[in-house]
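Heads up: the structure comes next, in structure tokens.
The values are calculated or read from the model by the stated rules, or taken from the named source; none is laboratory data. Quantities reported herein were computed from a predicted structural model and do not represent experimental measurements. Cβ: placed from backbone, ideal geometry, glycine included. Neighbour counts: every protein chain shown. Note: areas computed on protein heavy atoms with side chains; ligands, DNA, RNA excluded. Shrake-Rupley method; radii C 1.70, N 1.55, O 1.52, S 1.80 Å.
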Amino acid sequence: LQAIATAMSTQVAPDVDLKSRGIPWHVVVGGFVTLLVVAILGHQASARDTDDEDETGFPFWQLWLLLWGVVRLMQLLLALVFMFLIILVVRQRSILYVPTPPGTQRSPGNNPYNLRSPASWKMPFEDVWIATEDGTRIHGWLVYQPPDDWQGDEAPFTFVYFHGNAGNIGHRLENIRDMHQRLRVNVLIIDYRGYGNSEDGPGPSESGFMMDAIGTYRWIIDRINNPVRNQVVKMRADRILLFGRSIGGAVAIRLFAHLLKEQLEQKRRAEDLSLPLPAGLVLENTFTSLRDMAVQVFPFLRFLSFLLRPPLIFDEWKGADGLKFVTRHLDHWCCCLLSGLQDEIVPPIQMRQLHGILKEARPKVLKFFVFQHGGHNDTPTRGGEDYW
């Protein structure tokens, strides 16, 4: 991949530091000051109660004062931790799902010119709208290969692209262009509910994202089986790959596991298969679970990890569990892992853990690539030619 000029560096999808979004600094300072004032007032009240006592009759008053200070400090720290946890629980979805990062607009149409549409990059595409199970309509682009390049029943692979937790599909246009040109693939990318031009529905959540993913996969299979009049896009159901970056990787894993579970259940009931399985997964800088992410972003939560489950955690995103299910029940599939070792958001060790799961029951094709200088969102550009 040729290096992108510095003036175009804003084309990389925006990073969002989850740690900095965990709790506003002014809330921390305000809480600390409030609790400190309470502690001081409590000390003054205690001092007034003992004014009439004979201090010389208690030889260990210094030790008592030290113990009192330690107890108050522990109370203060516990109160701050408790307040922090309450705010994390209440704000967890607003921390995790960031449709409009600072300095950006929600709709791709309001992005800088070269981030508004595939047309800005001279790529052929269709503007698509997909209805999900709960009636929410999500927006996407189907960027396709010129049909004249493929003869007869030949067709390129089609990537179903699930992006990260921040920004809209326009922020991924540079990456889409490189996939389109270098890999010669079709790319179907969608904005989740509450993102970009998609409808809000009940708002971003794990269950909502999964309805968006399932609806997207059903849409593309239906489009392949029932092509529209004068369709120029060439696609085949046996040449679909799920691509996911960051939380999009968790979406892709869960979608694959869902389709496999559905297929196994249909076989058990001797029913016709409703949806074929994708040919495989491509995962980039993906985490194992939201619980693991929380513990690594906020290390003190390790001591409270037993609490990091429903109902305190709304969306678990158990990507590792989904991958284990796929490896136990499917042999003929492929998986490619792409890990940037300078990822400042998802610790690279989590990609190694996913690779470890895959090695225990290897798919037909398994590839794991690491990129020394790759960050969370810029691994494709920093990975150079080796990335492709």
Of Ser274, Ser289, Ser246, the only residue that is open to solvent by 20 Å² or more (accessible area, probe 1.4 Å) and among the hydroxyl-bearing types (Ser, Thr, Tyr) is Ser274
List every residue pair whose Cβ atoms lie under 9 Å apart, where the two residues are 6 or more positions apart in sequence or sit on different chains, the first residue falls within the range 113-126 and is part of a loop (DSSP other than H, G, I, E, B), and the second residue, located anywhere, is among the aliphatic types (A, V, I, L, M) and open to solvent by 40 Å² or more (accessible area, probe 1.4 Å).
Pro124/Val232
Is there a residue in the range 360-370 that is part of a loop (DSSP other than H, G, I, E, B) and not charged (D, E, K, R)?
yes
Could you say whether any residue in the range 347-370 is acidic (Asp, Glu) and closer than 29 Å to Val90 by Cα?
no
Do we have Ile221 as at pLDDT 95 or above, farther than 27 Å from His376 by Cα, open to solvent by less than 20 Å² (accessible area, probe 1.4 Å) and in contact with a helix residue (DSSP H, G or I) (Cβ under 8 Å, 6 or more places away or on another chain) here?
no
Unmet criterion (only one of (1) closer than 30 Å to Asp315 by Cβ; (2) in contact with a Ser or Thr (Cβ under 9 Å, 6 or more places away or on another chain)) for Pro101
(2)
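This table checks each residue for (1) in a loop (DSSP other than H, G, I, E, B); (2) closer than 28 Å to Asn186 by Cβ; (3) touching a residue at least 12 places away in the same chain (Cβ under 8 Å).
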position: Thr216; (1), (2), (3): no, yes, yes
position: Leu260; (1), (2), (3): no, yes, yes
position: Lys267; (1), (2), (3): no, no, no
position: Ala270; (1), (2), (3): yes, no, no
Could you look through the range 322-348, keep only residues that are part of a helix (DSSP H, G or I) and open to solvent by 70 Å² or more (accessible area, probe 1.4 Å), and pick out the one that is farthest from Ser289 (Cα to Cα)?
His329
May I ask you to list pairs of residues, at least six apart or on different chains, whose Cβ atoms are under 8 Å apart, with the first in the range 129-146 being basic (Lys, Arg) and the second being surrounded by 14 or more Cβ atoms within 10 Å (Cβ to Cβ) and part of a strand (DSSP E or B)?
Arg137/Ile130
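Residue-by-condition table, conditions (1) open to solvent by less than 10 Å² (accessible area, probe 1.4 Å); (2) among the hydrophobic types (A, V, I, L, M, F, W, C); (3) modelled with pLDDT under 95:
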residue	(1), (2), (3)
Glu126	no, no, no
Ala131	no, yes, no
Asp148	no, no, yes
Glu206	no, no, no
In the range 166-183, is there at least one residue being of a type outside the set (S, T, N, Q) and more than 25 Å from His376 (Cβ to Cβ)?
no
All positions within the range 336-373 that are small (Gly, Ala, Ser) and at pLDDT 95 or above:
Ser339, Gly340, Gly356
